[in-house]
1. Working only within segment 29-59, note down all residues that are surrounded by 15 or more Cβ atoms within 10 Å (Cβ to Cβ), more than 12 Å from the ligand (Cβ to nearest atom) and not in a strand (DSSP E or B).
2. Here's a check for you: in segment 175-201, which residue that is in contact with a Cys (Cβ under 9 Å, 6 or more places away or on another chain) and either part of a strand (DSSP E or B) or within 16 Å of the ligand (Cβ to nearest atom) (or both) is nearest to ASP137 (Cα to Cα)?
3. Among the numbered conditions (1) among the acidic types (Asp, Glu); (2) crowded, with 17+ Cβ neighbours inside 10 Å; (3) closer than 22 Å to ALA105 by Cβ, tell me where ASP198 comes up short.
4. Within segment 109-121, take every residue that is more than 13 Å from ILE89 (Cβ to Cβ) and in a loop (DSSP other than H, G, I, E, B) and give me the one that is nearest to the ligand (Cβ to nearest atom).
5. Residues of segment 75-102 being under 20 Å from VAL228 (Cβ atoms), free of Cβ contacts under 8 Å to residues at least 60 places away in the same chain and in a loop (DSSP other than H, G, I, E, B), which ones?
6. Looking at segment 129-137, can you tell me whether even one residue there is modelled with pLDDT of 95 or more, away from the ligand (no atom under 15 Å from the Cβ), part of a loop (DSSP other than H, G, I, E, B) and touching a helix residue (DSSP H, G or I) at 6+ places or on another chain (Cβ under 8 Å)?
7. Restricting the first residue to segment 32-45 and requiring it to be touching a residue at least 60 places away in the same chain (Cβ under 8 Å), which pairs with a second residue that is among the acidic types (Asp, Glu) and near the ligand (Cβ under 9 Å from one of its atoms) meet a Cβ separation below 9 Å and a spacing of at least six or different chains?
8. Mind checking whether some residue in segment 241-251 is under 13 Å from CYS30 (Cα atoms) and in contact with a helix residue (DSSP H, G or I) (Cβ under 9 Å, 6 or more places away or on another chain)?
Amino acid sequence: MSYKRILTIQDISCVGQCSLTVALPILSACGVETCVLPSAVLSTHTAGFTGYTFRDLTDDMPAIKDHWVKEGIAFDGVYTGYLGSTKQIDYVKEIIAATAQNGVAIIDPAMADNGKLYPGFDGEFVEAMKTLCATADYLLPNLTEACLLTDTEYKTDYDKDYIDGIVKKLLALGAKTVVFTGVSFNEGKTGVLVCSKDSEQYYEHDLLPNGCHGTGDVYASAFSGALVRGKTPYDAARIAADYTVECIKETAKLDNHWYGAAFEPALGKLIDLLQ
Ligand code: PXL
């Protein structure tokens, strides 16, 4: 097996089981060398906690990139998640261009869910995020993010035409492959739609009653690890979905575990799925 190296750029939420505290162990479990660039450091994530601290690391990024370029450091993939500022998005584009010339850009436009932007993000951030998504080899939006990126009305009751219209716009934006999560056409089921200009595949799985925070990061991390490890986009999407379902089941066994997904007890299952 060849040994691949990925860079992931997203925040450290010290507590809350999301972003880097999820991505680093999951990517490592996928058997890929994992390098990190924290976009910000928060005491907790912003979904449900109040009074959290926020240290924006935007201004550190140019010097980090310059050092990596001087050292000739390159990545087989760059996977971006929650970013700390609008200005940072330009730096992230420069880092991808400078360090992943022969690698894949996997963009999770982590900025919104359930019809709403996360606290701290605004229309200017969404416009900047569109320019990053335009460079994506793989774009992993949820429905809310896909609507924001395409100026589409957010609906919870929709049909295949609505989803197809959004995918068409995301491809027109410039994303080469769209890995659209949380797309549900049947009651009790949800799934992931993997679309490029000339192909479309859908993987349907159970919709569990207890959704939990942080599953987007679990999904994107497992997808990125599986893809860089050599799986096809569809197999990576399927493995990530099956693993995320296991994590939600593990979380459901716990009392009052509202802030994140208990992804650690299911890491063995992820490793099995990758064999
Ligand atoms: O899971 C996405 C995410 C990542 N990082 C921070 C967040 C969120 C979602 O709310 O607040 C800081």
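The values are calculated or read from the model by the stated rules, or taken from the named source; none is laboratory data. As the structure is a prediction and not an experimental result, all values here were calculated from the model. Positions of Cβ are backbone-derived with ideal geometry, glycine not excepted, and every protein chain shown enters the neighbour counts.
1. Selection gives ALA29, CYS30, GLY31, VAL32, LEU57, THR58.
2. The extreme case among them is THR177.
3. Failing condition for ASP198: (2).
4. TYR118
5. The answer is GLN101, ASN102.
6. Checking segment 129-137: at least one residue is modelled with pLDDT of 95 or more, away from the ligand (no atom under 15 Å from the Cβ), part of a loop (DSSP other than H, G, I, E, B) and touching a helix residue (DSSP H, G or I) at 6+ places or on another chain (Cβ under 8 Å).
7. From residues that are touching a residue at least 60 places away in the same chain (Cβ under 8 Å), the pairs are HIS45/ASP11.
8. Looking through segment 241-251, at least one residue is under 13 Å from CYS30 (Cα atoms) and in contact with a helix residue (DSSP H, G or I) (Cβ under 9 Å, 6 or more places away or on another chain).
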